[in-house]
Every structure is written in C-alpha cells, then in structure tokens.
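What follows is one structure encoded as structure tokens, with my remarks underneath.
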Amino acid sequence: MNPYETDKLVAEYLLFHYGGAEDILDGLPGPVEAVDFARRCLRELLDPASLPATASALDVGCAVGASSFALAGHCATVLGIDYSQAFVRTAQELLDKGEISSAKAVEGDLTASFVARAPEYPTSSHIAFEVGDAMTLRDDLADFDVVLAANLICRLPEPLKFLHRLPSLVKPGGQLLLATPFTWLEDFTSRENWLGGRSAGELRSFDALQSILAPFFDLEDTRNLPFLIREHARKFQYGVSLGSRWRRRSH
C-alpha cells in the first residue's frame, strides 16, 4: 500500500504543513528554523514583485495543501495536484471547512490533539485540488506564472518525465520553484533513474538538474531550506532541501 494513503502519514503531514514550533516540538529543544517548510518555500524562493495581478500557479506534489494556500496569497488561481488521494481529500476538506481536527503521535499508541487550520488568503483568489501523477500530468496544463514542486523530485519513479514537462508548464517569464534534498531511495526511484549520486565522477544531482533545465530556464537563486517532520514526541526527521528559483526564458 502507498504509505501516503495512510491515516498515519496524513496526520504527520498535517502537522508538518500547519503546525508551529510549539505544536511540533512540544517545548523540547530543536531546530525551530526547520518548522513551516511548506510555506517557507514560498517566502524564501518566490519573487512576488514580478507576478501579474492575474497570476496562475501550479503546486505539484501539494500534499495536504499548505503551499497551495500560500500561493493563493500571491496568485489569482492556484491548482494543487498530488498523487495521494488521501492528501488531496484532506486538502479539499481544509479548503471547504477551514480546519481539521487531527492527532499527533506522542509515544506508542498515545496521541495528542492537533487542529490544522487553513491560512487566510484573498477572497479574490481561487484554489482547487485534484489527484494527478507528476510524471503524466494532463495535457491541458500549461503556461503557469508559477510552478512549485517541493520535496517531489526524489520521490518520483522517473523524475525525468516530470522535468521534461516543465518548459511547457511555465510560461515565458514565469517562475519555477524547486526544493529537494535529493534523497535517492530505490523504494521510490530505481537507481538508473537517479539524477546523480550513483558513482564517483558522475555529476552531482543539482548539476545534473541544471544541465536538464539550462536550455529553457535561467537559475536566479538557491537557498538551503531545512525541514522537520515529527514522528513522535522525541523522534523527528530532519533534512535540508536545496531550494532554487528558475526563470523561464522568453525565447
């Protein structure tokens, strides 16, 4: 079974996307700078000044939707797509109801209550969520002002299928925002489909990514983006994604 369809992962990602430091760390010492990753990707990477008033955004791998809500603060229309039906169903419930009661693991079978709340966004903006595969996105998706893919690339069985679609997804002058820790695991991506990291002398993954995108995009910025996922009260996943902003060339 896809782990991203389980109640456990839905609860973990609700806390990951919508929890503050006090919710995630429960007063324990920890890297508070790694909290609020989904929305921090936008704060760190997006260039809002260059967006038109009618800007459209695509959030690929939106999970439970916090980055889509953040995009709606800058864009008139936002479409969030995720492969997990459970994640999309949860994001839609947040959109419809504004909040969801969830649980966070404490230890063993013990849990504590947590309420995930959708952030406010302009009433003039429109958000939609749908189930979809990043490697086979529907053909009519094209020409977005912003495309975001956070912690997605190294979870795809064939990341090149997604990367090769990006030039048609981002309109000329538009922004591509990527974040990935390049955690290559054969549970998700077979070794021959990794972008790098397979042998000495091979390109590192970000260098390979640059060579793939360079014919169509200019690299404008890179940032280290730490993230923290709570497994239980005293165990966490800590990682550092490499964030990057790319500008689609006009020619």
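The values are calculated or read from the model by the stated rules, or taken from the named source; none is laboratory data. Keep in mind the model is a prediction, meaning the values are calculated, not measured. All Cβ positions, glycine included, derive from the backbone under ideal geometry; neighbour counts span all protein chains shown.
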What are the residues in the stretch 131-178 that are in a helix (DSSP H, G or I), exposed (fewer than 15 other Cβ atoms within 10 Å of the Cβ) and hydrophobic (A, V, I, L, M, F, W, C), if any?
L160
Subset of the stretch 179-192 [crowded, with 16+ Cβ neighbours inside 10 Å and aromatic (F, W, Y)]
F182, W184
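Could you check, for the stretch 184-203, whether at least one of its residues is part of a strand (DSSP E or B) and among the hydrophobic types (A, V, I, L, M, F, W, C)? Talk me through it step by step, then tell me what you get.
Pass one, the stretch 184-203, residues part of a strand (DSSP E or B): none.
Scanning the stretch 184-203, I find no residue that is part of a strand (DSSP E or B) and among the hydrophobic types (A, V, I, L, M, F, W, C), so the answer is no.
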Going through the stretch 195-210 in order, the residues found to be more than 19 Å from the chain's Cα centre (by Cα) and crowded, with 17+ Cβ neighbours inside 10 Å are A208
Take the conditions more than 14 Å from F227 (Cβ to Cβ), small (G, A, S) and surrounded by 14 or more Cβ atoms within 10 Å (Cβ to Cβ) and apply them to A11. Does it pass?
yes
Could you tell me whether F206 is at pLDDT 95 or above, aromatic (F, W, Y), farther than 30 Å from A105 by Cβ and not in a strand (DSSP E or B)?
yes
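Answer yes or no as to whether G73 is in contact with a Phe, Trp or Tyr (Cβ under 8 Å, 6 or more places away or on another chain), surrounded by 15 or more Cβ atoms within 10 Å (Cβ to Cβ) and either aromatic (F, W, Y) or farther than 26 Å from L9 by Cα (or both). I'd like the intermediate steps shown before the answer.
On the way: in contact with a Phe, Trp or Tyr (Cβ under 8 Å, 6 or more places away or on another chain): yes; surrounded by 15 or more Cβ atoms within 10 Å (Cβ to Cβ): yes; either aromatic (F, W, Y) or farther than 26 Å from L9 by Cα (or both): yes.
Answer is yes for this residue.
For (1) outside any loop (DSSP other than H, G, I, E, B); (2) polar (S, T, N, Q); (3) in contact with a Phe, Trp or Tyr (Cβ under 7 Å, 6 or more places away or on another chain), each residue gets a yes or a no:
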{"position": "T222", "(1), (2), (3)": "yes, yes, no"}
{"position": "R230", "(1), (2), (3)": "yes, no, yes"}
{"position": "F236", "(1), (2), (3)": "yes, no, no"}
{"position": "L242", "(1), (2), (3)": "yes, no, yes"}
Restricting to the stretch 26-47, give me the number of residues that are over 18 Å from G239 (Cα atoms) and surrounded by 14 or more Cβ atoms within 10 Å (Cβ to Cβ).
3
